[in-house]
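Asker: Below: one structure in structure tokens.
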Amino acid sequence: MKSTEPQMKLAIITDLHANLPAVKAVLTDIDTFHPDQIYCLGDLTDAAPWHNEVIELIKIRNIPTIMGNHDERIAFDLPVYTLDKHSLSEQQARLEAINYTKQTITEANKAFLSTLPATLKIEFDGLSILLVHGSPDSNEEYIYEDAEEDRISEMFRKAEVDAIISGHTHLSFIRYLPESAHQRTKVLINAGSVGRSKEKGAKACYLQLEILNATEAVGIDRLKPVIREIDYPIRETIIGIRNSPVPDFYADFLEKADHKF
């Protein structure tokens, strides 16, 4: 009788955004999953007051992490540019939140952010997985579930991998390619967001990924992704933001999402 145990188990977290209560809840859930490795796709900072605590926790847990666009901005003190997709109130809140992080991050944690790689590639028993923050080309590119198939195919041609796992949009999805073929050959996954999720109820979101033995499945079907949505003490985060210099815009976002569904 063949074993049904996975050959490897991975947990992928992303977009923590200084939300310590959410990070702790997700790590507790991950510990019950017993992964062989945890990876982080970046954006450890901004939007909540615990950027130093979150970075320290990532370092203590020795979690390999790539550089998100927020991490890069803090690490190298880059200017903040407005984004057309943001309202005026969000533009102002974003500027204030980033400046607060820049003023209060420790030198050691700032140095840590500066060492993070742009991407990580996992090679395992004939399968290759590329971890990115936004896309393989930029940590600021938004790739949504309804992205043009030509754009996604281009990413896979350039990266020469079986799977690409990203974050940045704060919306999780699992999308296989080709979409019309019986035999799926590639998969694009977004792991959502731990700290500023746009899922229902703003639950903290992360990816569990099991890799099956080659004797049990073939090709991309060896990858078994599951998006996990976790309850966390969201009121603790809301109160923490309101009692800090982080703009109330981010507490309002969580409060509205918490009551929306």
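The values are calculated or read from the model by the stated rules, or taken from the named source; none is laboratory data. Since the structure is predicted, the reported quantities are computational estimates derived from the model, not experimental observations. Glycine also receives a Cβ, built like all others from the backbone with ideal geometry; neighbour counts cover every protein chain displayed.
Asker: Of the numbered conditions (1) touching a helix residue (DSSP H, G or I) at 6+ places or on another chain (Cβ under 6 Å); (2) surrounded by 17 or more Cβ atoms within 10 Å (Cβ to Cβ), Leu57 fails exactly one; give the number of that condition.
Answerer: The failed condition is (1).
Asker: Next question. On the basis of being touching a Cys at 6+ places or on another chain (Cβ under 8 Å) and in a loop (DSSP other than H, G, I, E, B), does Ser135 make the cut?
Answerer: no
Asker: Still on this structure, please answer the following. With the requirement that a residue be in a loop (DSSP other than H, G, I, E, B) and either among the acidic types (Asp, Glu) or free of Cβ contacts under 8 Å to residues at least 12 places away in the same chain (or both), what does segment 1-50 give you?
Answerer: Correct list: Met1, Glu5, Asp15, Asp36, Asp43, Asp46.
Asker: Report, ordered by the first and then the second residue, all pairs with beta carbons closer than 7 Å, sequence separation of six or more or different chains, a first member in segment 151-179 that is at pLDDT below 95, and a second member that is among the hydroxyl-bearing types (Ser, Thr, Tyr) and not in a loop (DSSP other than H, G, I, E, B).
Answerer: Leu177/Ser153
Asker: Of all residues being small (Gly, Ala, Ser) and touching an Asp or Glu at 6+ places or on another chain (Cβ under 8 Å) in segment 198-223, which is modelled with the highest pLDDT? Just the residue, please. Walk me through it before giving the result.
Answerer: From segment 198-223, those small (Gly, Ala, Ser) are 201-202, 204, 214, 217, 219; that's our starting set.
Within this subset, residues satisfying the condition of being touching an Asp or Glu at 6+ places or on another chain (Cβ under 8 Å) are 201-202, 204, 214, 219.
Details: Gly201: 82, Ala202: 87, Ala204: 97, Ala214: 88, Gly219: 90.
The residue in question is Ala204.
Asker: Which residue pairs have Cβ atoms under 6 Å apart, sit 6 or more places apart or on different chains, and have a first residue in segment 80-106 that is among the acidic types (Asp, Glu) and a second that is at pLDDT 85 or above and not in a helix (DSSP H, G or I)?
Answerer: Between residues of segment 80-106 that are among the acidic types (Asp, Glu) and residues that are at pLDDT 85 or above and not in a helix (DSSP H, G or I), the close pairs are Glu96/Pro247.
Asker: Mind listing whichever residues of segment 147-163 are of a type in the set (Phe, Trp, Tyr) and either in contact with a helix residue (DSSP H, G or I) (Cβ under 9 Å, 6 or more places away or on another chain) or not in a helix (DSSP H, G or I) (or both)?
Answerer: Passing the criteria: none in range.
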